[in-house]
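The values are calculated or read from the model by the stated rules, or taken from the named source; none is laboratory data. Please read all numbers here as calculations on a predicted model, not as lab measurements. Positions of Cβ are backbone-derived with ideal geometry, glycine not excepted, and every protein chain shown enters the neighbour counts.
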Amino acid sequence: MRKRPFSERIKPLLYLLPFIISVTIFTIYPIVNVIRMSFLENYKHLTGAFDSVGLGNYQKVVSDPLFRQGLGNTVKYVLFVVPISTAIAVVLATLLNQRVRFQGFFQTAYFLPMVTSSLAVGLAWRFMFNDKYGILNYFLSFLGNDGLKWLGDPSSNFYALVIFGIWSILPNTIILLLSGLQNIDPLYYTAAKVDGAKTLRIFFRITVPLLAPTIMLVVIINSISTFKMFHELFPLFSGPGVAYNLYTVVYYIYYEFRVLTPPKYGYAAAAAVILLVTVFTFTMLQRAVNAWSNRERGNQ
Amino acid sequence: MTEKKKTRKYRERLTFGRVLMYVVLFIGAVIALFPFYWMITGALKTVSEVNKLPPLLTPGNWLNMENFIYAFQTAPFAIYFKNSVLALLGCITVCTFTTILASYAFSRLRFPGRNTIFALLISLMMVPYEMIIITNYRTIVTWKLHDTLWALIIPFTSSIFYTYILKGFFDSVPDSLYQAAKVDGCSDWKYLWRVMVPMAKSSLATIILLNSIATWNSFMWPMIATNSKEVRTLPFGLYIFMTEGGQRNERMMAAATIIVLPMIIIFLFTRKYIISGMSRGGIKG
């Protein structure tokens, strides 16, 4: 009689064990450990010894010109990519949400970049951006432009990065907006058509306002993901641009703990915590928007 | 409902607005697809064709396989391909297993603090992967697993996001089914594998596909955790090939095609599952 309740009680633990072990070692412990390391000054990664506990790493990181430059580039990148990609995605998602033929073809075309390696596709872009044989400069030559040194010139390589960034982020943005569009009650459109409203008027007076909560969510989600910009640097520039001119926050983290020898775990950890706080702030914002949009929907 | 049925037989009047709409959608599709077209045709070109001005829109010979043969025979892409497949199979097998068990426990079994623990785990999803990676690299080094294929599998043996998706499905299965099975003397273990798992086919397909895409395309972690040729996976291998091999664009495009093509094929057949998964919160980097 006593044994059975015990086995019943232990059962959930057995089911959870593999998952919990893995999550503890590879998700929970790493978070705690990085926060701890960020406060240990002069931390020696081989012995685990450190001089003192304090904000030294943070002071060092925040005053490091490379980190500042990385933060500047990252913020600039977010400010370029997020608004442009959102605007394009709103238009394309609205069109995809109409009754169109070739729906399957358009879906495949628009969503394909989601499943393909950004490194491999980035190399195709590198090939297209090539200043001598690249197809982009060839197209520019029709416009009477001599073409840009897209990748090799520190004054224009940021734009190559932005173009690739927008192209990469569009599929996810369109998907999220499409699911927002599908939540709009078709009655609004029927009513507008009965009143004889023009297409553009419907778009700006009905679609955009009703989609506003989703648009805000998309802006926040995309801000988080573009703030972590890192992968895109490798296929296009084999690193952070020309003479480090495209340093980013995540590249700084990677550089401090993996490229430098001996690694500076303390600085990497402090920068990672700064990243976490930024992402956390955006996420709280996202929650607030979510709550707001649910209330709005309730009021409709 | 009737609206939807009408759609099929709907005959459109091609007004100016609708033509404009198709033009915009079509231009968008061309821009989305062009890098793939350029990659694949680039892979089929010869050296002189690739470096021609003005650029050739099509390769001279659509069946020119010499760059692919080079990638597989001279460059070590056969090894990279094998490693990518092994890492993929390892990650999917173990992660799917831990996910099924954990989802079942969180959805069906009773234990103190269940909902609190689950909510805490969910809140961990927002922690950037880039932060976690610092310690994981050290863990792997401490365990002397860096530069082995194990390093590409062991940190990915669980996923909170996939558990969240599958638990969501398990929650939607009515209680009465479970009670009925219990009355028939079915154990939890049997109920899970004989009833729940077969019912969850489409959720499982979604998480396995998302996991496959993420593992196959993973670049940052393999770059950090592996080094030698024998354990490189395709994206990292391609990156090394580019930095060491110089500017042979046609060969790089062939190697890039080798990485991209399997995912394109999978996507063409399983678009529905992938899109439904993506719309629920995207994918890890």
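Inside region B:146-159, can you point out the residues that are touching a residue at least 12 places away in the same chain (Cβ under 8 Å) and more than 7 Å from chain A (Cβ to nearest Cβ)?
Across region B:146-159, the qualifying residues are B:His146, B:Asp147, B:Thr148, B:Leu149, B:Ala151, B:Leu152, B:Ile153, B:Ile154, B:Phe156, B:Ser159.
Of all residues in region A:73-125, which are of a type in the set (Ser, Thr, Tyr) and either more than 8 Å from chain B (Cβ to nearest Cβ) or farther than 30 Å from B:Ala254 by Cα (or both)? I'd like the intermediate steps shown before the answer.
If we filter region A:73-125 for residues that are of a type in the set (Ser, Thr, Tyr), which is where we start, we get A:74, A:77, A:85-86, A:94, A:108, A:110, A:116-118.
Those that are of a type in the set (Ser, Thr, Tyr) and either more than 8 Å from chain B (Cβ to nearest Cβ) or farther than 30 Å from B:Ala254 by Cα (or both): A:Thr74, A:Tyr77, A:Ser85, A:Thr86, A:Thr94.
Pull up region B:113-171, narrow it to residues that are part of a helix (DSSP H, G or I) and touching a Cys at 6+ places or on another chain (Cβ under 8 Å), then point me to the one that is nearest to B:Leu192 (Cα to Cα). Step through it out loud before you land on a result.
Of the residues in region B:113-171, the ones part of a helix (DSSP H, G or I) are B:114-124, B:129-142, B:150-156, B:160-171.
In the following step, the residues that additionally are touching a Cys at 6+ places or on another chain (Cβ under 8 Å) were identified as B:152-153, B:156, B:162.
Details: B:Leu152: 29, B:Ile153: 25, B:Phe156: 23, B:Tyr162: 17 Å.
My answer is B:Tyr162.
Can you name every one of the helices (runs of 4 or more DSSP H) wholly within region B:10-79 that holds 1 or more residues which are over 30 Å from the mean Cα position of the chain (by Cα)?
Answer list for region B:10-79: B:16-44, B:47-50.
Does A:Lys193 qualify as being loosely packed, with under 15 Cβ neighbours inside 10 Å, more than 11 Å from every other protein chain (Cβ to nearest Cβ) and not aliphatic (A, V, I, L, M)? Quick ask: steps written out before the conclusion?
Values: loosely packed, with under 15 Cβ neighbours inside 10 Å: yes; more than 11 Å from every other protein chain (Cβ to nearest Cβ): yes; not aliphatic (A, V, I, L, M): yes.
Yes.
Hey, can you tell me all the residues within region B:210-219 that are surrounded by 21 or more Cβ atoms within 10 Å (Cβ to Cβ) and either assigned to a helix (DSSP H, G or I) or among the aromatic types (Phe, Trp, Tyr) (or both)?
B:Leu210, B:Asn211, B:Ile213, B:Thr215, B:Trp216, B:Asn217, B:Phe219
Is it fair to say B:Pro112 is free of Cβ contacts under 8 Å to residues at least 60 places away in the same chain and either more than 9 Å from chain A (Cβ to nearest Cβ) or closer than 28 Å to A:Pro12 by Cβ (or both)?
yes
If I ask for residues that are within 27 Å of B:Leu120 (Cα to Cα) and surrounded by 16 or more Cβ atoms within 10 Å (Cβ to Cβ), which ones from region B:179-196 would you list?
Result: B:Asp188, B:Leu192, B:Met196.
Please work out which residue is surrounded by the most Cβ atoms within 10 Å (Cβ to Cβ), limiting yourself to region A:59-93 and to residues that are closer than 30 Å to B:Val30 by Cβ and of a type outside the set (A, V, I, L, M, F, W, C).
Of region A:59-93, the ones closer than 30 Å to B:Val30 by Cβ are A:76-93.
If we keep only those that are of a type outside the set (A, V, I, L, M, F, W, C) as well, we get A:76-77, A:83, A:85-86.
On the way: A:Lys76: 13, A:Tyr77: 20, A:Pro83: 12, A:Ser85: 24, A:Thr86: 19.
So the residue we want is A:Ser85.
For A:Gly144, all conditions in the list (1) on the phi > 0 side of the Ramachandran plot; (2) within 27 Å of the chain's Cα centre (by Cα) hold save one; what is the number of the exception?
Going through the list (1) on the phi > 0 side of the Ramachandran plot; (2) within 27 Å of the chain's Cα centre (by Cα), A:Gly144 breaks only (2).
If we scan region B:113-123, do we find a residue that is farther than 30 Å from A:Ile253 by Cβ, out of contact with any Lys or Arg (no Cβ under 7 Å at 6 or more places or on another chain) and among the small types (Gly, Ala, Ser)?
So far as region B:113-123 goes, yes, one or more of its residues are farther than 30 Å from A:Ile253 by Cβ, out of contact with any Lys or Arg (no Cβ under 7 Å at 6 or more places or on another chain) and among the small types (Gly, Ala, Ser).
Based on what the data block shows, is A:Asn157 in contact with a Leu (Cβ under 6 Å, 6 or more places away or on another chain), touching a residue at least 12 places away in the same chain (Cβ under 8 Å) and farther than 24 Å from B:Gln247 by Cβ?
Taking the combined requirement at face value, the residue does not satisfy it.
Could you tell me whether A:Phe280 is at the interface with chain B (Cβ under 9 Å from one of its Cβ atoms), among the hydrophobic types (A, V, I, L, M, F, W, C) and surrounded by fewer than 19 Cβ atoms within 10 Å (Cβ to Cβ)?
Working: at the interface with chain B (Cβ under 9 Å from one of its Cβ atoms): yes; among the hydrophobic types (A, V, I, L, M, F, W, C): yes; surrounded by fewer than 19 Cβ atoms within 10 Å (Cβ to Cβ): yes.
Answer is yes for this residue.
Do we have A:Tyr77 as modelled with pLDDT of 95 or more and more than 30 Å from B:Trp143 (Cα to Cα) here?
Judged against the criteria, A:Tyr77 is a match.
Go over the candidates A:Arg4, A:Arg9 one by one and state the one that is touching a Phe, Trp or Tyr at 6+ places or on another chain (Cβ under 8 Å), outside any loop (DSSP other than H, G, I, E, B) and modelled with pLDDT under 90.
A:Arg9 is the lone residue from the list that is touching a Phe, Trp or Tyr at 6+ places or on another chain (Cβ under 8 Å), outside any loop (DSSP other than H, G, I, E, B) and modelled with pLDDT under 90.
Could you grab the pairs with beta carbons closer than 9 Å, sequence gap of 6+ or different chains, first residue in region B:241-265 and surrounded by fewer than 17 Cβ atoms within 10 Å (Cβ to Cβ), second one at pLDDT below 90 and not in a helix (DSSP H, G or I)?
B:Gly245/B:Ala75; B:Gln247/A:Asn130
Here are some residues: B:Ile79, B:Ile92, B:Ile100, B:Ile122. Which one is within 30 Å of A:Ile21 (Cα to Cα), more than 10 Å from chain A (Cβ to nearest Cβ) and in contact (Cβ under 8 Å) with a residue 60 or more places away in the chain?
Values: B:Ile79 fails: within 30 Å of A:Ile21 (Cα to Cα); B:Ile100 fails: more than 10 Å from chain A (Cβ to nearest Cβ); B:Ile122 fails: in contact (Cβ under 8 Å) with a residue 60 or more places away in the chain.
After ruling out the rest, the residue left standing is B:Ile92.
Tell me yes or no: at least one residue of region B:154-173 is surrounded by fewer than 17 Cβ atoms within 10 Å (Cβ to Cβ) and either closer than 17 Å to B:Leu86 by Cβ or in contact with a strand residue (DSSP E or B) (Cβ under 8 Å, 6 or more places away or on another chain) (or both).
The answer is no, given that none of the residues of region B:154-173 is surrounded by fewer than 17 Cβ atoms within 10 Å (Cβ to Cβ) and either closer than 17 Å to B:Leu86 by Cβ or in contact with a strand residue (DSSP E or B) (Cβ under 8 Å, 6 or more places away or on another chain) (or both).
Just to be sure, is B:Phe106 in contact with a Gly (Cβ under 9 Å, 6 or more places away or on another chain), in the same structural domain as B:Lys167 (by TED's automatic domain parsing), assigned to a helix (DSSP H, G or I) and modelled with pLDDT of 95 or more?
On the way: in contact with a Gly (Cβ under 9 Å, 6 or more places away or on another chain): no; in the same structural domain as B:Lys167 (by TED's automatic domain parsing): yes; assigned to a helix (DSSP H, G or I): yes; modelled with pLDDT of 95 or more: yes.
So B:Phe106 does not fit the description; no.
Output the residue which, of all residues in region A:260-273 that are within 10 Å of chain B (Cβ to nearest Cβ) and assigned to a helix (DSSP H, G or I), is farthest from the chain's Cα centre (by Cα).
Among residues in region A:260-273 that are within 10 Å of chain B (Cβ to nearest Cβ) and assigned to a helix (DSSP H, G or I), the one farthest from the chain's Cα centre (by Cα) is A:Tyr265.
Considering only residues of region B:225-282 that are basic (Lys, Arg) and assigned to a helix (DSSP H, G or I), which is farthest from the other protein chains (Cβ to nearest Cβ)?
Only one residue fits best here, namely B:Lys229.
Between residues in region A:102-117 that are farther than 16 Å from A:Ile169 by Cβ and residues that are outside any helix (DSSP H, G or I), which pairs lie under 7 Å by C-beta distance while being six or more apart or on different chains?
Hits for this filter: A:Phe106/A:Val100.
I'd like the full set of residues that are among the aliphatic types (A, V, I, L, M) and not in a helix (DSSP H, G or I), limited to region A:189-207. Show your work before the answer.
So in region A:189-207, the residues among the aliphatic types (A, V, I, L, M) come out as A:191-192, A:194, A:197, A:200, A:202, A:206.
A:Ala197 - this is the single residue of region A:189-207 that is among the aliphatic types (A, V, I, L, M) and not in a helix (DSSP H, G or I).
Would you call A:Ile253 at pLDDT 95 or above and more than 16 Å from the chain's Cα centre (by Cα)? I'd like the intermediate steps shown before the answer.
Details: at pLDDT 95 or above: yes; more than 16 Å from the chain's Cα centre (by Cα): yes.
Answer is yes for this residue.
Residues in region A:140-154: is at least one within 11 Å of chain B (Cβ to nearest Cβ) and either over 16 Å from B:Ile27 (Cα atoms) or not in a helix (DSSP H, G or I) (or both)?
The answer is yes, given that some residue of region A:140-154 is within 11 Å of chain B (Cβ to nearest Cβ) and either over 16 Å from B:Ile27 (Cα atoms) or not in a helix (DSSP H, G or I) (or both).
Taking the condition within 14 Å of A:Ile215 (Cα to Cα), part of a helix (DSSP H, G or I) and not acidic (Asp, Glu), does A:Leu285 pass?
yes
Does region A:192-243 hold any residues that are modelled with pLDDT of 90 or more, among the basic types (Lys, Arg) and more than 17 Å from the chain's Cα centre (by Cα), and which are they?
none
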